[in-house]
Amino acid sequence: MNRPRIVSEPHWHAAREALLAKEKELTRALDALAAERRRMPMVRVDADHRFQGPDGPASLLDLFDGRSQLITYCFMWHGLDDVCSGCAMFVDNIGHPAHLHARDVSLALVSRGPIEEITQVGKRMGWTLPWFSSLGGDFNDDVGAGDGFALNVFLRDGDEVYRTYFTTGRGVERLGSNWTFLDLTPFGRQETWEDSPEGRPQTPPYQWWRLHDEYGDDRP
């Protein structure tokens, strides 16, 4: 096995400092990209998308669960005997949704499969995220997933729904925490340090963080 070189502690710290400079440069670039993302235009969703959930029929508005922002992940569906391991790994890395809910963001999974089979897989994996069937509808095609996977972000204004962001492939691969999810939304992390357009909701950083069972259901 080809392992990293062994060096003295001063040499290791020098290498770490050199890498840290590049990491900080990347962090600043990602912050600038997130700021640009928050200034993206949006497009109205005119289609009347319908889903099937564990509790019955649902509309796209229902997936918002009363919040103003929604992230959907189209989970590739090949049936009970061929659950997509890549999509499963992605869902395994999604944190507790209470942190997203605290910033007025809902997250839902969507698959082109029978709701009964989808529910079986969710129970087997121990997932509690809301998971809906889009079988028989055009949602997956309309949001760029087709028979594959994709992540989309939506903003609700009353009963009007707008699509604000889309990514797939490696764009999905690099996600996996509540902070990076919030960076995709039009309101961002809603913290005062962010470069956001004037008038967007913002509060001091860190102070809104809670243990996930301490938020309650005090939605904005």
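Quick notes on this structure:
- Within segment 163-220, considering residues that are of a type in the set (Gly, Ala, Ser) and at pLDDT 85 or above, the one surrounded by the most Cβ atoms within 10 Å (Cβ to Cβ): 188
- Total residues in segment 146-188 satisfying the condition of being touching a Gly at 6+ places or on another chain (Cβ under 7 Å) and more than 26 Å from residue 204 (Cα to Cα): the figure is 3.
- Output for segment 1-31, where each listed residue is of a type in the set (A, V, I, L, M, F, W, C) and under 30 Å from residue 110 (Cα atoms): 30
- Close pairs (6 angstrom Cβ cut-off, 6 or more residues apart or separate chains): touching a residue at least 40 places away in the same chain (Cβ under 8 Å) in segment 16-45, surrounded by 10 or more Cβ atoms within 10 Å (Cβ to Cβ) and among the β-branched types (Val, Ile, Thr) anywhere: 42/164; 45/161
- Helices (runs of 4 or more DSSP H) wholly inside segment 108-220 containing at least 1 residues that are under 25 Å from residue 92 (Cα atoms), free of Cβ contacts under 8 Å to residues at least 60 places away in the same chain and hydroxyl-bearing (Ser, Thr, Tyr): 178-184
The values are calculated or read from the model by the stated rules, or taken from the named source; none is laboratory data. Everything quoted here is computed from the prediction, not taken from an experiment. Heads up, the Cβs are rebuilt from the backbone with ideal geometry, glycines too, and the neighbour counts pull from every protein chain shown.
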